[in-house]
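Visitor: Shown below is the structure under consideration.
The values are calculated or read from the model by the stated rules, or taken from the named source; none is laboratory data. Fair warning: this is a prediction, and the values are worked out from it, not measured in the lab. Cβ sites come from the backbone with ideal geometry, for glycine too, and all protein chains shown count toward neighbours. Ligands, DNA and RNA are excluded from the accessible area calculation, which covers all protein heavy atoms including side chains. Shrake-Rupley method; radii C 1.70, N 1.55, O 1.52, S 1.80 Å.
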Amino acid sequence: MKKFIVLLCCAMLTVRLFAATMDSRVRNVPQELAEAVFEQPKEKLPVLVRTLISGVSGDAAKVKVLHDWICDNIAYDTDVFTVGVWKQDYETVLKKRRAICSGYTNLMNEMCRLAKVESIGIEGYSKGFGYRGYLEEECDHAWNAVKIGGRWQLIDVTWDAGTVEWTTFVKRYSTEWLNLTPEQFIYSHLPEKDEYQYLRQPRTKEQFVAEPYIPGIFFQYGLSLGKAAPGYRNEIEEDASYELKLAKSNILILSDLVDKDTGEFIRNATWAERTGNAVRATFAVPDMGKYQGRFLAKNRGEGKNPFFFSIAEFEQDLLPRVQGLLDEKKITQKEADFFEPSYFKVEENGRYYFAEDLFDRPRNVAVTKILTLLEKTQQYEEVLAFELAASGDYEGYGRGVLHFPSPYGAYEETANTHLISPNSGVLEGGAEQEFVIDTKDFSSLGVVIDGKLSVFAKNAKTGRCTFSLTVPSAGRLVICGTKNGKNYQWLWEYIVE
């Protein structure tokens, strides 16, 4: 890379939760060879590559195992933040066991060459860590293109190896950037030369900057942009709606709004509704500040382990509760002994990070069991982010105001329930209020006020439920729904003032 300051973009800051499996051949290399390749890279790398691809059929499988070995053995070189850039040829990378993006790219090229897979390195621009919404004068990143089945496939081994948290590299294996099409890859990586986009109609720099950043995980979830799609930067007047398309029925989508300067989540500033295979989310900004709108996704019924906890939470909450699980005989002593050593502490970051080892199955099973019992599994992950700000004379609706109602998990899982009115998060106490809701998910709807349930039927033909009631003087009002006329699920809540 040509410029130190823009090397920050080489490191990807993303929490990856999507399950990925590393090829077992990575750890089946004879111990003597596994160590010698770092001491004598020129002599031993050909032997290592032959060992890794032995019995592997097809170039795609060869690329996968080479990609996995690099991810498992090469760390991102955070010395770049303090002492500058070392040489990035493949021999130096192996001797140091560290690299920046150009080093990862050079090593992947050499290993592919030895495996007789055509590979090239590509320099360009990225929307990674440090991206500010515009392109620097010189390239900030590097990645590979490999030829499989006569077609070029783009790969970013750097971003699949892990994440950089401030100046700490945290191993976090992924295949997020391994199997994307050129049409998908272009949302995050722009080659310096148009020919390496491998697109019929190349993107211009202006188009690349204008488009939202879309990570590889977005496509792994089977998502695509709807007709109403955000740009990278969006100025809005009043509420603005954006749409995602879903190819999989088991994917759940949320939306939220975050203050870009403070990282604060703005309560009740978004409202998402699903209709069949599409989710439309409406966003509203409270003032003239700068915000980040986000879509988040998860597989229905699935949770993943967070890869870090704050030092205070880990030491003052988790560790005592793990001991509590042991005392209650909900876990064994062996399972408890796995937990604390599975994390490493970084004082300057204020966090404990999970020390990833995908092949240590007993430890990983124990940690997952404990986090599940403690209800600490992470549910949703960010799949799309974009900037939002008020435009023109619009000053927003005001900080501290609940712009939309508060949804519950049961509503988030609905496929065809739409709130027509009222869609403000706050209702006036003592006022007469009409409620209009369309639903195909529930046979009837109800309202809970002061613990009492009132049930309202819907029109069987239209699916619309319309009713009026006097809002209580204070407290909260909850809308719920039932599918069988007996069991009611809370859907969303209003505050009454």
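Visitor: Hey, what did the chain get for relative contact order, percent, Cα under 8 Å, at least 6 apart?
Guide: 11 percent
Visitor: By the gyration tensor of its Cα atoms, with a ≥ b ≥ c the square roots of the eigenvalues, what is the shape of the range 355-422: rounded for a/c under 1.5, prolate for a/b over b/c, or oblate?
Guide: Prolate, because a/c is 1.5 or more and a/b exceeds b/c.
Visitor: In addition: With all pairs of different alpha carbon atoms counted, what Kirkwood hydrodynamic radius in Å does the range 102-254 show?
Guide: 17.0 Å
Visitor: Which aspartates and glutamates have a Cα less than 17 Å from the Cα of residue 96, not counting those fewer than 8 places away in the same chain?
Guide: 35, 39, 43, 72, 77, 79, 110
Visitor: Between the range 432-466 and the range 309-344, what is the separation of their alpha carbon centroids in Å?
Guide: Centre-to-centre distance over Cα atoms comes out at 45 Å.
Visitor: Within the range 360-497, how many Lys pairs sit with Cα atoms under 15 Å apart, leaving out pairs fewer than 8 places apart on the same chain?
Guide: Value for the range 360-497: 5.
Visitor: Could you list log10 I(q)/I(0) for the range 407-462 at q = 0.18, 0.27 Å⁻¹, which the Debye formula gives when each Cα is one point scatterer?
Guide: Normalising to I(0) and taking log10 leaves -0.75, -1.46.
Visitor: Beyond 25 Å, what percent of the Cα pairs of the range 380-497 remain?
Guide: Across the range 380-497, Cα pairs with separations above 25 Å total 30 percent.
Visitor: Could you compute how fast the range 44-168 diffuses translationally, taking Rh as the Kirkwood radius over C-alpha pairs and applying Stokes-Einstein at 10 °C with viscosity 1.306 mPa s? Give it in µm² per second.
Guide: In µm²/s, the coefficient rounds to 105.
Visitor: Counting only helical runs of four or more DSSP H residues, what would the 222 nm mean residue ellipticity of the chain come to if each run contributes -39,500 (n - 2.57) and the total is spread over all its residues?
Guide: Rounded to the nearest 500, the figure is -6000 deg cm²/dmol.
Visitor: Counting Lys and Arg as +1 and Asp and Glu as -1, what is the net charge of the other residues whose Cβ lies under 15 Å from the Cβ of residue 207?
Guide: +1
Visitor: Length gain on complete extension for the stretch residue 460 to residue 51, per 0.36 nm per residue less the alpha carbon to alpha carbon distance?
Guide: Between residue 460 and residue 51, full extension yields 140.7 nm more.
Visitor: Next question, about the same structure. Under the Kirkwood approximation for Rh and a Cα-based Rg, what ratio Rg/Rh is obtained for the range 141-219?
Guide: 0.98
Visitor: Treat every Asp and Glu Cβ in the chain as -1 and every Lys and Arg Cβ as +1, leave all other atoms uncharged, and give the resulting dipole magnitude about the Cα centre to the nearest 20 debye.
Guide: Dipole magnitude for the chain comes out near 1800 debye.
Visitor: Could I ask something else about it? Work out the FRET efficiency for residue 275 and residue 24 from their Cβ-Cβ distance, taking R0 = 41 Å, and round it to the nearest 0.05.
Guide: Efficiency, from the Cβ-Cβ distance: 0.45.
Visitor: Another one. Write out the trypsin sites (Lys or Arg not before Pro) in the range 402-479 meeting two conditions: DSSP loop, and at most 14 other Cβ atoms within 10 Å of their Cβ.
Guide: Filter output for the range 402-479: 440, 461.
Visitor: Continuing with this model, one more query. Of all the accessible heavy-atom surface of the range 379-464, with the other protein chains kept in place and a 1.4 Å probe, what percent is carbon and sulfur?
Guide: 48 percent
Visitor: What lysines could a cross-link reach from residue 116, if we take a straight Cα to Cα line under 24 Å and drop same-chain neighbours fewer than 8 places away?
Guide: Partners within reach: 42, 44, 62, 64, 95, 147.
Visitor: How much FRET efficiency would the formula 1/(1 + (r/R0)^6) give for residue 302 and residue 85, where r is the Cβ-Cβ distance and R0 is 56 Å, rounded to 0.05?
Guide: So the FRET efficiency works out to roughly 0.90.
Visitor: Could you work out how far apart the two model spin labels at residue 227 and residue 32 are, taking each label as a point 7 Å from the Cα in the direction of the beta carbon, and quote it in nm?
Guide: Label at residue 227, label at residue 32, 6.8 nm between them.
Visitor: To continue, here is another question. Kindly identify the range 128-175 as rounded, prolate or oblate by the Cα gyration tensor criterion: order the square roots of the eigenvalues as a ≥ b ≥ c, call it rounded if a/c is under 1.5, otherwise compare a/b with b/c, prolate if a/b is larger, else oblate.
Guide: Here the range 128-175 falls in the oblate category.
Visitor: With the Cα gyration tensor of the range 269-328 in hand, convert its eigenvalues to equivalent ellipsoid semi-axes via √(5λ) and list them largest first in whole Å.
Guide: Ellipsoid half-lengths, sorted descending, are 36, 20, 9 Å.
Visitor: Round to the nearest 10 and give me the degree value, 0 to 90, for the angle of helix 59-73's Cα axis relative to the longest principal axis of the chain.
Guide: The helix 59-73 is inclined about 90 degrees to the chain.
Visitor: Mind jotting down the distance between the C-alpha centroids of the range 382-431 and the range 110-181, whole Å?
Guide: Using only Cα atoms to place each centre, the spacing works out to 37 Å.
Visitor: What is the angle, in °, between the Cα long axis of helix 361-373 and the longest principal axis of the Cα atoms in the chain? Nearest 10 is fine, range 0 to 90.
Guide: Long axis of 361-373 versus the principal axis of the chain: about 20 degrees.
Visitor: Could you compute the longest span of the chain free of chymotrypsin sites (Phe, Trp or Tyr not before Pro) located in DSSP loops and having at most 13 other Cβ atoms within 10 Å, not counting the site residues?
Guide: Free of exposed loop sites, the longest segment is 167-358.
Visitor: Taking only the alpha-carbon atoms of the chain, what semi-axes of the equivalent ellipsoid follow from 5 times the gyration tensor eigenvalues under a square root, in whole Å, largest first?
Guide: 45, 28, 21
Visitor: How many times 2.2 N^0.38 Å is the alpha carbon radius of gyration of the range 297-382?
Guide: For the range 297-382, the normalised Cα radius of gyration comes out at 1.08.
Visitor: I need the semi-axes of the equivalent ellipsoid of the range 16-59: take the C-alpha gyration tensor, multiply each eigenvalue by 5, square-root it, list largest first in whole angstrom.
Guide: Those come to 23, 14, 10 Å.
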